[in-house]
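The block underneath contains the structure these notes are about, expressed in structure tokens.
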Amino acid sequence: IPVDEFDLVVFGATGDLAHRKIFPGLYRRYVAEQIPPSAQIIGAARTKQDDTAFRDEARKAIREFAGPSDDLSHLEEFLNHLRYVPIDARGTDGWTELKALIRPDVVNAFYFSVAPALFGDIAHRLSEYGIANANSRIVVEKPFGRDLATARELNATLAQHFTENQIYRIDHYLGKETVQNLMAVRFANMLFEPLWNAQYVDHVQITVAETVGVGGRGEYYDHSGAIRDMVQNHMMQLLCLIAMEPPYHFDPNAVRDEKLKVIRALEPLSPGDIVRGQYRDGPDGSDYLKDVENPDSRTESYVALKVNIANWRWTGTPFYLRTGKKLRARTSEIVVTFKAPPHSIFDETDGPRSNQLVIKLQPNEGMDLTVMIKEPGPGGMRLVQVPLDMSFADALGANGTDMPDAYERLIMDVIRGNQTLFMRGDEVEAAWAWTDPIIAEWEAGSKRPEPYDAGSSGPEEALRLLHRDNRRWREIR
Ligand code: BG6
């Protein structure tokens, strides 16, 4: 179903995110016939070039970053929707031209795919030149600040020109199909929700493991580290979706209110509940300190945390979070380990073990529930644990493999005016309020992250974080 007619301006249109994600994503939506006939996608950046040169650039980017199953036969028609305006975010060039292109009577959205330092300038120019109106939407990317103070400042700057329901803060994890599925699994099934609390759940593990290192982003990354880059946003969102109360409706503020309550209920972390690591000596020569060209760096490329949520539902059930670069495999999953049955009626010493629900977010999206059954055969009542394993791709056929990329989904939600999958200002601030003390405590000290071998499962110390509670991480594979 096509969305309403729209004009979408992409500031930073010559940048990496636009090339990798925004244009290929829009193209895919075009092929899916969601882009209406007179929609305009207007690139804006400092580079002085015309529409033709910009279309050439977009063609190249889409060809390079399209997936293997993408049909490129509509590319030329799609490129006709593209326009370009050279613009100076801090000056006067280009703004009048941009205003002339925007149709005030259709949905208009402005994607700030630029450094956060420019957010204020662009927001200001959009109002000064009368380009944005009360129905316009703006889209902003992470990092949304680097601590509570800077996030507050950014929120205040944007609020001078836009109301909260015009601001779409992207966390691309919320656009992932399987992340949204967490809500479907929890709230559209009777099976899980009654057991979803500290009485029945022993603990929860959330893992986002990557095989890539910091790549060409060393400078950015070394000033951020895994807590700012992954925990404050993506991991926090996963934690919220797993832990939140049922919202009264699948409605933007109802969902975001419940997520906010989880963040506010997080107990402050103590240093003993955090393990930081840095990758070393990869077979491919990768080494964090070399990759960021900073031999003294104390920035973590891996972090593991034990988190407690102090509320009625979760007190007593720890949530263990870990994320890192250069790990053994690329895998994101959530493991909910239920408590063992209170009493075993079977004689064998190795009685029933806990059920585990594994929600696999990427790759190979699916769910796996382990259950105890009787081992077949005449050997008496022996128990064995087996998986009820479901791959979404197998269960859903082609629909299961052809999942839209997070950006495609999120950009279309902006045009539709649906903020459910975007972070509200207070959520972002609450997340920083929780991570700030952890970061400040570390930065004030002199301890170094634990080294771990590139290609391993992370530092030994992280294993101990669970061992001391008589638990163990699910293997990264
Ligand atoms: C980004 C981080 O937000 O998310 C990157 O800045 C990280 O460091 C990426 O690699 C992970 O996203 P995905 O979609 O590949 O899991």
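The values are calculated or read from the model by the stated rules, or taken from the named source; none is laboratory data. Everything numeric here is computed off the predicted structure, so don't read it as measured data. Note that we place each Cβ from the backbone using ideal geometry, even for glycine, and neighbour counts take in every protein chain shown. Ligands, DNA and RNA are excluded from the accessible area calculation, which covers all protein heavy atoms including side chains. Shrake-Rupley method; radii C 1.70, N 1.55, O 1.52, S 1.80 Å.
What to note about this one:
- Under a model in which nothing but the beta-carbon of Lys, Arg (+1) and Asp, Glu (-1) is charged, region 6-87 shows a dipole of about 280 debye around its Cα centre.
- Partners of K290 within straight-line reach, counting aspartates and glutamates whose Cα lies under 17 Å from its Cα and excluding those fewer than 8 residues away in the same chain: E219, D222, D281, E300, E450, D453.
- Straight-distance candidates among the aspartates and glutamates for linking to K261, with alpha-carbon spacing under 20 Å and chain neighbours fewer than 8 residues away dropped: D147, E164, D171, E193, E245, D251, D426, E427, E429, D436.
- Amide hydrogen proximity for Q362: with H placed 1.01 Å from N in the peptide plane, the residues at 5 or more positions away or on another chain lying under 5 Å are S332.
- Value of relative contact order over the chain, rounded to a whole percent, pairs C-alpha under 8 Å and six or more apart: 17
- Taking label positions 7 Å along the Cα-Cβ direction at both K99 and A433, the computed distance is 4.0 nm, reported to one decimal.
- Distant-in-sequence amide H partners of Y452 (H built 1.01 Å from N, under 5 Å): Q278, Y279, R280
- FRET efficiency, 1/(1 + (r/R0)^6) with R0 51 Å, evaluated for E153 and V386 via beta carbons: 0.40
- Spatially proximal aspartates and glutamates relative to K374 (Cα-Cα < 17 Å; intrachain offsets below 8 disregarded): D347, E348, D350
- Accessible surface of the chain, 1.4 Å probe, proportion on carbon and sulfur as whole %: 52
- Order by protection proxy (mean Cβ within 10 Å, highest first), peptides 62-73, 328-339: 328-339, 62-73
- Using only Cα coordinates, the Kirkwood hydrodynamic radius of region 276-399 works out to 18.6 Å.
- Report note on the peptides 427-437, 122-132: ranked by the mean count of other C-beta atoms within 10 Å, highest first, their order is 427-437, 122-132.
- Calculated [θ] (222 nm, deg cm²/dmol) that DSSP helices of n ≥ 4 give over the chain, each run adding -39,500 (n - 2.57): -9000 deg cm²/dmol
- Label positions at K447 and T47, each projected 7 Å from the Cα along the C-beta direction, are separated by 4.6 nm.
- Placing unit charges on each Cβ (+1 for Lys and Arg, -1 for Asp and Glu) gives the chain a dipole about its Cα centre, and among Q356, G377, N80 the Cα reaching farthest toward its positive end belongs to G377.
- Taking the convex hull of the alpha carbon positions in region 184-272 and averaging its projected area over all directions gives 8.3 nm².
- Radius of gyration (Cα atoms) of the chain, expressed as a multiple of 2.2 N^0.38 Å: 1.05.
- Antiparallel DSSP beta bridges within the chain, percent to nearest 5: 55
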